[in-house]
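Peer 1: Dropping the structure in here first, questions after.
The values are calculated or read from the model by the stated rules, or taken from the named source; none is laboratory data. Everything numeric in this text was worked out from a predicted model, so none of it was measured. Don't worry about glycine lacking a Cβ; one is built from the backbone with ideal geometry, like all the others, and counts go over all protein chains shown.
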Amino acid sequence: MPTLEQFLSFTQRLDSTALIVPSVLLVAVMLIFSDWRWGLTAFAGVKVLAGIQLLQLMPPEWALQQWITGGLVAVMWFLAAHRVDTVRRKQTGVPWWQIEWHFNPSTWLRMSFVLLLLVAVYRVRPYAPLPKLPADMARYATFLALSGLVALGLGDRPMRWGFGLSLWLLAASFAIHALQVTAETVGLIAGAELLLGFAISYLIVVDGARFWPRPEEA
Amino acid sequence: MSALVFVLLVLMLLSLLAGLMRRQSQIAGLVVAFGLAWLSFGMGHALWAGTSEMFGHTFNANPPNHLLMFRFELDAAARVPVLLLLIWGALFAGVAAVVKTERILYPGIPLVVAALILFLSSTPLLWAPLWLVLAAVIMAFLAQGNTPRPARAALRILLMPILAFPFFLFAAWVFSQSAVAAEDPRLWNHAWKALIIGVFILTSPVPLHGWITALGETSSPFVGAFLVGVWQITIYAFIRSLLFRYPAMTGIADPGVWLPWIAVVQMLWAGAAMLGSQRLGQLWGYVLLWFYGAALLAWGLTGELGSQAMLWLLLAHPLTLTLAAAGLQSLEHGFKRTLTYDNLHGVSERMPFSALALLAGGFFVLGWPLGALFPMRMATYQVAAYRAGNIFMWGMLALMLAALGLIRAARHLTTPVKDVSLARESKRVAAILAILLAANVLLALNPGLLGPLVQQLMSWFNTL
């Protein structure tokens, strides 16, 4: 297990531009798959990669905050989604290891929307000229913001909305932290993200409880 | 202890009490209504007496309250929306307790009001939207209610403050860096645009209006009406503070020009959807959207000079909204099935007051005579006809569509009874509906009744 210093020195040697491609793919996974395990894993990956990207804009201890916030939010969502899934499986008699996920028409629809977004981003290279933000990072932030907005249009399930709004805040982190890195701004954005995470984790449970055969027993 | 801390503590206590009285939800509602009425009385007394103290606690505490990087103070301008929020909360909790609604409303009302008060009393102004995110989270819990159901309304409530938040942060940074901004005028220009986009998002223009219609469809009628109303008060007060703090904003994009258009698009959208509604919940959602747009129209057309008109409107709104919400809530109670138009046989025979309250409330929202909002709606239409011909024309179209939508609902509500086991409305509910109807008529006939209170509120509101 590397120490924090070793990990930070390793991440600083990474070519941050090369991290954009896996990050884009992880965002696509977040938006396409409805299975919460896939979604949350991709979300955690995006947060880690974004934290590494943010090392260019701020000292490591502040960039670390992105991982801490993302980690806390991911844990909240994991616990909520896990509870919904466990209770439903228990009540319907489906064992925990049985895969229930299928490529259904709505997955295809989401996939086509995301592919459309990726093609549009690749061809048009949309770029919001955010002050003081290097061009490649501004492009990346623009992609994150667009993906967030697309996620909001892909249905009314809490976790996907959580991903969408979280991507929006992540894009905002790049724009704001390029201008100033102070405890106040870092705290404000992290605070908003934690509040969002808290709300979404509650909504995951109450929305998911609709699919429990006997919600009163849970 | 400052008045702000005192108010927040009382609100927390009320919420806790209401939460503990889970099995006596009606009593919980009455306790919350009484508590909020008591706080409003205290603040109203300070207003009449011209003192800066409320129950012995000063509004301008020295030193002021600080938390993290925020400074909290109930300055004169913030006290007006706070008083309005308390009055709204008291009225909604009281009427809902009599009619019976979801029990989450009772502990939820003080919490939502507390979060909005925190937002309205915090500075720096452009960082304050963090507290709006907190308020939206609590509003989302309230919208979701205490039964498993789709989270559509709750999710959409979160949308506006989170989308708008980064724009305010960006503007805050640029405005705090006058030297940097002077070197790069484009940055300054971007900041103004960001500020306007943030404000624009908070006004819930179409297509960000979805939270209002989803609330009508999926939440209890009281929750929907309360949340839409308090959001409107808060956003009005916040944008007004922004306009006072950054008057140059009007030079970039004059709200007097874009606000009426946002409003009229909302009203048109709502009117068309009301005409095509198939369920009473759906209709209610669009009535709320129409109501929201109409208030924005009044504000946009009357401009800053119209603060008096807006305060009158915000004081009169809950009378009409509680009437319609109570009517719909009573129908939902008595009519065990989904309230689709095809199922509404015999409603007006078995629950005449409830049906009348819903329809009358709907028409009163449009500004029909004998409704509390009639004088102000009439004035708004007249100002529109005088100042903005296009707005007036589209507004009249929206009014006509909405009226036809309500007439269509009335036609379904007045079909003969098919199911003889259909319950009748309780006398208690009929009595409260009659009182609310009478209050509406009284205010329509005597709009000056609210005059003295509005005048007093203006004295606080215009203090810089």
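Peer 1: Return only the number of the condition from (1) surrounded by fewer than 23 Cβ atoms within 10 Å (Cβ to Cβ); (2) under 20 Å from residue B:380 (Cα atoms); (3) under 18 Å from the mean Cα position of the chain (by Cα) that residue B:263 does not satisfy.
Peer 2: Going through (1) surrounded by fewer than 23 Cβ atoms within 10 Å (Cβ to Cβ); (2) under 20 Å from residue B:380 (Cα atoms); (3) under 18 Å from the mean Cα position of the chain (by Cα) one by one, residue B:263 breaks only (1).
Peer 1: Residues in region B:167-177 that are more than 7 Å from chain A (Cβ to nearest Cβ) and in contact with a helix residue (DSSP H, G or I) (Cβ under 9 Å, 6 or more places away or on another chain): how many?
Peer 2: Here the count works out to 7.
Peer 1: Check whether at least one residue in region A:87-98 is in contact (Cβ under 8 Å) with a residue 60 or more places away in the chain, crowded, with 16+ Cβ neighbours inside 10 Å, of a type outside the set (Lys, Arg) and out of contact with any helix residue (DSSP H, G or I) (no Cβ under 7 Å at 6 or more places or on another chain), and report yes or no. Let's see the steps before the verdict.
Peer 2: Restricting attention to region A:87-98, the residues satisfying the condition of being in contact (Cβ under 8 Å) with a residue 60 or more places away in the chain are A:87-88, A:91-92.
Right, trim to crowded, with 16+ Cβ neighbours inside 10 Å and you get A:87-88.
Checking the rest, the ones that are also of a type outside the set (Lys, Arg) come to A:87.
From what is left, the residues that are out of contact with any helix residue (DSSP H, G or I) (no Cβ under 7 Å at 6 or more places or on another chain) are A:87.
Yes: one or more hits.
Peer 1: Checking residue B:51 against (1) surrounded by 15 or more Cβ atoms within 10 Å (Cβ to Cβ); (2) farther than 30 Å from residue B:430 by Cβ; (3) among the polar types (S, T, N, Q): exactly one of these is not met. Which one?
Peer 2: Only one criterion is unmet by residue B:51, namely (1).
Peer 1: In this structure, is residue B:154 at the interface with chain A (Cβ under 8 Å from one of its Cβ atoms) and either in a helix (DSSP H, G or I) or without any contact (Cβ under 8 Å) to a residue 60 or more places away in the chain (or both)?
Peer 2: So residue B:154 passes the test.
Peer 1: Are any of the residues in region B:78-92 under 30 Å from residue B:167 (Cβ atoms), among the β-branched types (Val, Ile, Thr) and surrounded by 23 or more Cβ atoms within 10 Å (Cβ to Cβ)?
Peer 2: Yes; the residues of region B:78-92 include at least one that is under 30 Å from residue B:167 (Cβ atoms), among the β-branched types (Val, Ile, Thr) and surrounded by 23 or more Cβ atoms within 10 Å (Cβ to Cβ).
Peer 1: Determine whether region A:57-75 contains at least one residue that is in contact (Cβ under 8 Å) with a residue 24 or more places away in the chain and charged (D, E, K, R).
Peer 2: no
Peer 1: Identify, please: which residue in region B:185-227 is without any contact (Cβ under 8 Å) to a residue 40 or more places away in the chain and of a type in the set (A, V, I, L, M) and is, among those, farthest from the other protein chains (Cβ to nearest Cβ)?
Peer 2: This residue is B:197.
Quick grid of which residues meet (1) charged (D, E, K, R); (2) surrounded by fewer than 18 Cβ atoms within 10 Å (Cβ to Cβ):
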position	(1), (2)
B:402	no, no
B:408	yes, yes
B:424	yes, yes
B:427	yes, yes
B:446	no, yes
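Peer 1: Let me ask something additional. Checking the structure you have, find out if any residue of region A:39-50 is surrounded by fewer than 18 Cβ atoms within 10 Å (Cβ to Cβ), touching a residue at least 60 places away in the same chain (Cβ under 8 Å) and part of a helix (DSSP H, G or I).
Peer 2: No, that holds for no residue.
Peer 1: Kindly check whether there is at least one residue in region B:299-306 that is closer than 15 Å to residue B:204 by Cβ and part of a helix (DSSP H, G or I).
Peer 2: yes
Peer 1: Quick check on residue B:360: is it surrounded by 20 or more Cβ atoms within 10 Å (Cβ to Cβ), under 16 Å from residue B:260 (Cα atoms) and touching a residue at least 60 places away in the same chain (Cβ under 8 Å)? Even if it seems obvious, please write down each step before you answer.
Peer 2: Details: surrounded by 20 or more Cβ atoms within 10 Å (Cβ to Cβ): yes; under 16 Å from residue B:260 (Cα atoms): no; touching a residue at least 60 places away in the same chain (Cβ under 8 Å): yes.
Against the criterion (surrounded by 20 or more Cβ atoms within 10 Å (Cβ to Cβ), under 16 Å from residue B:260 (Cα atoms) and touching a residue at least 60 places away in the same chain (Cβ under 8 Å)), residue B:360 does not qualify.
Peer 1: From the list B:182, B:90, B:164, B:97, exactly one residue is over 19 Å from residue B:240 (Cβ atoms), more than 10 Å from every other protein chain (Cβ to nearest Cβ), assigned to a helix (DSSP H, G or I) and at pLDDT 95 or above. Which is it? Break it down into steps so the answer makes sense when it comes.
Peer 2: Values: B:182 fails: at pLDDT 95 or above; B:164 fails: over 19 Å from residue B:240 (Cβ atoms); B:97 fails: at pLDDT 95 or above.
Going through B:182, B:90, B:164, B:97 in turn, the sole match is B:90.
Peer 1: Of all residues being assigned to a loop (DSSP other than H, G, I, E, B) and among the polar types (S, T, N, Q) in region B:100-132, which is farthest from residue B:332 (Cα to Cα)? Just the residue, please.
Peer 2: Only one residue tops the list, namely B:121.
Peer 1: Next question. For region A:183-194, indicate whether the set of residues that are in contact with a Lys or Arg (Cβ under 9 Å, 6 or more places away or on another chain), surrounded by 15 or more Cβ atoms within 10 Å (Cβ to Cβ) and on the phi < 0 side of the Ramachandran plot is non-empty.
Peer 2: Looking through region A:183-194, none of the residues is in contact with a Lys or Arg (Cβ under 9 Å, 6 or more places away or on another chain), surrounded by 15 or more Cβ atoms within 10 Å (Cβ to Cβ) and on the phi < 0 side of the Ramachandran plot.
Peer 1: Which ones in region B:221-236 are surrounded by fewer than 23 Cβ atoms within 10 Å (Cβ to Cβ) and of a type in the set (Gly, Ala, Ser)?
Peer 2: Result: no residue meets the conditions.
Residue-by-condition table, conditions (1) under 25 Å from residue A:191 (Cβ atoms); (2) assigned to a helix (DSSP H, G or I); (3) not aliphatic (A, V, I, L, M):
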| position | (1), (2), (3) |
| --- | --- |
| A:19 | no, yes, no |
| A:29 | no, yes, no |
| A:53 | yes, yes, yes |
| A:58 | yes, no, no |
| A:66 | yes, yes, yes |
| A:71 | yes, yes, yes |
| A:86 | no, yes, yes |
| A:90 | no, yes, yes |
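Peer 1: Determine if region B:35-56 includes at least one residue that is β-branched (Val, Ile, Thr) and not in a helix (DSSP H, G or I). Spell out how you get there, then give the answer.
Peer 2: Initially, region B:35-56 is screened for residues β-branched (Val, Ile, Thr), giving B:51.
Checking the rest, the ones that are also not in a helix (DSSP H, G or I) come to B:51.
Yes.
Quick grid of which residues meet (1) surrounded by fewer than 22 Cβ atoms within 10 Å (Cβ to Cβ); (2) within 11 Å of chain B (Cβ to nearest Cβ); (3) out of contact with any Leu (no Cβ under 6 Å at 6 or more places or on another chain); (4) closer than 28 Å to residue A:83 by Cα:
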residue	(1), (2), (3), (4)
A:118	yes, no, yes, no
A:127	yes, no, yes, no
A:139	yes, no, yes, no
A:169	no, yes, yes, yes
A:176	no, yes, no, no
A:211	yes, yes, yes, yes
A:215	yes, yes, yes, yes
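Peer 1: Considering only region B:193-203, I want to know if a residue exists there that is aliphatic (A, V, I, L, M) and at pLDDT below 90. Break it down into steps so the answer makes sense when it comes.
Peer 2: Kept after step one, since they are aliphatic (A, V, I, L, M), are these residues of region B:193-203: B:194-197, B:199, B:201-202.
Remaining after also requiring at pLDDT below 90: none.
No, region B:193-203 has no match at all.
Peer 1: Of the residues A:143, A:163, which single one is buried (at least 22 other Cβ atoms within 10 Å of the Cβ), farther than 23 Å from residue B:193 by Cα and more than 10 Å from chain B (Cβ to nearest Cβ)?
Peer 2: A:163
Peer 1: Which of the residues belonging to region B:417-437 are more than 17 Å from residue B:324 (Cβ to Cβ), in contact (Cβ under 8 Å) with a residue 12 or more places away in the chain and either touching a helix residue (DSSP H, G or I) at 6+ places or on another chain (Cβ under 7 Å) or part of a helix (DSSP H, G or I) (or both)?
Peer 2: Residues satisfying the conditions are B:417, B:422, B:423, B:424, B:428.
Peer 1: Do we find a residue being within 23 Å of residue B:171 (Cβ to Cβ) and either free of Cβ contacts under 8 Å to residues at least 40 places away in the same chain or more than 10 Å from every other protein chain (Cβ to nearest Cβ) (or both) anywhere in region A:195-204?
Peer 2: Initial filter on region A:195-204 (within 23 Å of residue B:171 (Cβ to Cβ)): A:195-196.
So of that shortlist, the ones also either free of Cβ contacts under 8 Å to residues at least 40 places away in the same chain or more than 10 Å from every other protein chain (Cβ to nearest Cβ) (or both) come out as A:195.
Yes: one or more hits.
Peer 1: I would also like to ask the following. If you scan region B:100-151, which residues turn out to be among the small types (Gly, Ala, Ser), away from every other protein chain (no Cβ under 14 Å) and touching a Phe, Trp or Tyr at 6+ places or on another chain (Cβ under 8 Å)?
Peer 2: Within region B:100-151, just B:121 meets the criteria.
Peer 1: Given the conditions (1) part of a helix (DSSP H, G or I); (2) farther than 25 Å from residue A:170 by Cα, report the number of the one that residue B:149 does not fulfil.
Peer 2: (1)
Peer 1: Continuing with this model, one more query. Take the residues in region A:178-193 that are more than 10 Å from chain B (Cβ to nearest Cβ) and closer than 20 Å to residue A:72 by Cβ; name whichever of them is modelled with the highest pLDDT.
Peer 2: Per the stated criteria, the residue is A:190.
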